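Let me begin by presenting the structure, written as structure tokens, before commenting on it.
Just so it is clear, none of the values below were taken in a lab; they were calculated from the coordinates. Small disclaimer: the values here were computed from a predicted structure and weren't measured. Because the Cβ atoms are built from the backbone with ideal geometry, glycine has one as well, and the counts that use them run over all protein chains shown.
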């Protein structure tokens, strides 16, 4: 069973470790991402997730096993909810765990949603189109912004 577990401040280091796999995958899509001198990728600044009430970090777990993470920003009428970063580690791709986690996130936070992917990330675009398409029965919009990012927008239909 897929569980979303809110990351506590004292678990931040574990989240940083997990995010190294995410950045490693992204480095294949964005050549400007380079290893630091210590052999790790530059860490994300997660400060806002511990101080802003609209920021929500989650571990994605399969039963009790850590298999991914999601960083969510909740919005309002002007600014939709968004999944800022999301990953299920490669070992667990293709089993539907990412879909289950995404659907749980959509249900947790009612309202409008905006999901964005960079141009080069074809697997992410395919994943989000499929998941959002199933979730909304195809009732979502997709656009490309000035930075050539693909954006899906929809309203939570299960509220």
Original post:
In region 100-117, how many residues are in contact (Cβ under 8 Å) with a residue 40 or more places away in the chain, within 14 Å of the chain's Cα centre (by Cα), assigned to a strand (DSSP E or B) and surrounded by fewer than 18 Cβ atoms within 10 Å (Cβ to Cβ)?
Top reply: 0
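Tell me, yes or no, whether region 43-57 has at least one residue that is in contact (Cβ under 8 Å) with a residue 60 or more places away in the chain and either buried (at least 16 other Cβ atoms within 10 Å of the Cβ) or over 18 Å from the mean Cα position of the chain (by Cα) (or both). Before the answer, list the steps.
Going residue by residue through region 43-57, those that are in contact (Cβ under 8 Å) with a residue 60 or more places away in the chain are none.
So far as region 43-57 goes, no, none of its residues is in contact (Cβ under 8 Å) with a residue 60 or more places away in the chain and either buried (at least 16 other Cβ atoms within 10 Å of the Cβ) or over 18 Å from the mean Cα position of the chain (by Cα) (or both).
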**OP:** Please specify each residue of region 73-89 satisfying the condition of being more than 17 Å from residue 127 (Cα to Cα) and surrounded by 22 or more Cβ atoms within 10 Å (Cβ to Cβ).
**Re:** 81
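If a residue must be in contact with a strand residue (DSSP E or B) (Cβ under 7 Å, 6 or more places away or on another chain) and more than 13 Å from residue 153 (Cα to Cα), how many such residues does region 76-93 contain? Quick ask: steps written out before the conclusion?
First, pick out the residues of region 76-93 that are in contact with a strand residue (DSSP E or B) (Cβ under 7 Å, 6 or more places away or on another chain): 80-89, 92.
Restricting the remaining residues to those that are more than 13 Å from residue 153 (Cα to Cα) gives 84-89, 92.
Residues in region 76-93 being in contact with a strand residue (DSSP E or B) (Cβ under 7 Å, 6 or more places away or on another chain) and more than 13 Å from residue 153 (Cα to Cα): 7 in total.
Okay, residues lined up against (1) without any contact (Cβ under 8 Å) to a residue 60 or more places away in the chain; (2) outside any helix (DSSP H, G or I):
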| position | (1), (2) |
| --- | --- |
| 69 | no, yes |
| 77 | yes, yes |
| 83 | yes, yes |
| 95 | yes, yes |
| 98 | yes, no |
| 128 | yes, no |
